[in-house]
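Presented below is the structure to which this report refers.
We did not get these values from a lab; they are worked out from the coordinates using the rules stated. In this text, all values refer to a predicted model and were calculated from it rather than measured experimentally. Cβ coordinates were reconstructed from backbone atoms using ideal geometry, including for glycine residues, and neighbour counts include every protein chain displayed.
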Amino acid sequence: MNKSPLARLAALVLSCAALAAAQVDAQAATITIVNQNAPGIGFNDPTPAAPIGGNTGTTLGQQRLIAFQHAADIWGATLTSNVPIRIGASFVPLSCTESSAVLGSAGANEIWSDFPNAPRAATWYPSALASKLAGVDVSTPGEPHIIARFNSRLGLFPDCLPGPGFYLGLDNNAGEALDLVTVLLHEMAHGLGFQTFTDDETGAEILDLPSVWDHYLVDNRTERLWVDMTPEQRVASAISGNGLSWNGRIVTAAVPAVLDPRSRMTVFGKVAGRASGDYQVGDASFGPPLGRRPVKGQLMPVIDQPDGSGLACAPLNKHNAWAVRGNIALVSRGTCAFVDKARNVQAAGAIGMVVTDNAPGEPTGMSGSDPSIRIPSVRITQEAGVTLRAALQARSRTRSGVFASLSVYRHRLAGADNRMRALMYTPTTNAPGSSVSHYTTDAKPNQLMEPAINSDLTHTVTPPRDLTYPLLQDIGW
Ligand SMILES: [Zn+2]
């Protein structure tokens, strides 16, 4: 049996003491917290706190512990294992700025290969999963299975995302705050095995052994698995944009029930020329989602800047209002919020809005909320915007002859590849700690295991809402 403590780069290899394999029955797992904070801080912080959202603790530390146990119980009721899982946890200062913060980090404390009952030989498993599969605790005596750290300064200091900070209630009612139970569920999933131990920046495996995770990662253009790739091929797939999918049977079976159809913009019309065709779009969190029934109209640009672009950050003037009335408004990103642009073009009579990016990159979503917005909006790349504007040169004041249709694909899902497998997070610039070991940010609805926590997440880790547990099942849970 091989063991590697992840805290050290030079992993130790210990010889295996033969372990008696116990019968593994299906029973809920017990997850306990090992409080690693010193007296007076973190989970022991004595600052008085008023009970909130079902959390009855009366100090900050108590409330953190109660929220932690609540999340642990959700995972415990979902998983099965005869071996109690211990999570070494602490609230400590983690990196943050005025505008962003690391909420938490977690992972397996030890990894093991070739333990009794190991489903795959010569493959690393996280400690908690190895123990479940072996039927006995394989971890080093005294060592927790999972190490988890959470940001103790979040929201409490001006240099650490000042604001409401963590919401400690248990009722998923965080409002503008960050829901701690959601963050805990996310971090615990990493510790349970939602991670690769292979280095996604160098492609190097620990001691030349793959992680169980790597048996399920597939390059969706070559259909080659991570375990069968060279380190260079792994590095390339890790920054491939949308080139890496999860090839596990249980996730793939759940994908159609969990993910919504992918949004679609099609441009057509006699004068559309080379602008004709389908465009990749980012969705808006405001306004109605795109649906099967298309919203169709002529594309008409708003022009309110000296360079001929249009921001639509103010109520539209007469000429722009004539142009967009009954049509789909084309505006540029920047200067004001997306909802301000949508409100202004809607007030002028537009039936939809297309926002062109003001910087190169993949199409991403548009945040914001305003219940008064009733028209659909999408975001397209800067490059696509240049193509469309060129096709709109010959328009009159009220007609362009270039039509756009906003709808959804019948057989493509948001966050899945063309074979309906879940896409992983592989941005074209490697994001250390985020790339590969998360689902894509394109998933609709947002998934717990995306690299950032979204406000619409629930405390659900199973289908039909979420794909986290199916992935853990694929690797052996
Ligand atoms: Zn994460």
Considering only DSSP states other than H, G, I, E and B, which trypsin sites (Lys or Arg not before Pro) in the range 244-290 qualify as loop sites with at most 12 other Cβ atoms within 10 Å?
K270
Quick check: net charge around A348, other residues with Cβ under 14 Å of its Cβ, Lys/Arg +1 and Asp/Glu -1?
+4
Hey, rough spin-label estimate for R292 and R399, points 7 angstrom out along Cα→Cβ, what's it come to in nanometres?
3.3
Under 25 Å between C-alpha atoms is the cut-off here; go through the chain and count lysine pairs that meet it, provided they're at least eight residues apart or on different chains.
7
Nitroxide proxy distance, nm - points 7 Å out along Cα→Cβ at A359 and A50:
4.0
With a cut-off of 20 Å, note down the residues of the range 218-245 whose backbone N falls inside the zone around a label point 7 Å from the Cα of A204 toward its beta carbon.
226-239
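Out of all DSSP beta bridges with both ends in the chain, state the antiparallel percent to the nearest 5.
In the chain, approximately 60 percent of DSSP beta bridges are antiparallel ones.
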For the chain, the Cα convex hull volume per residue in Å³ comes to 154
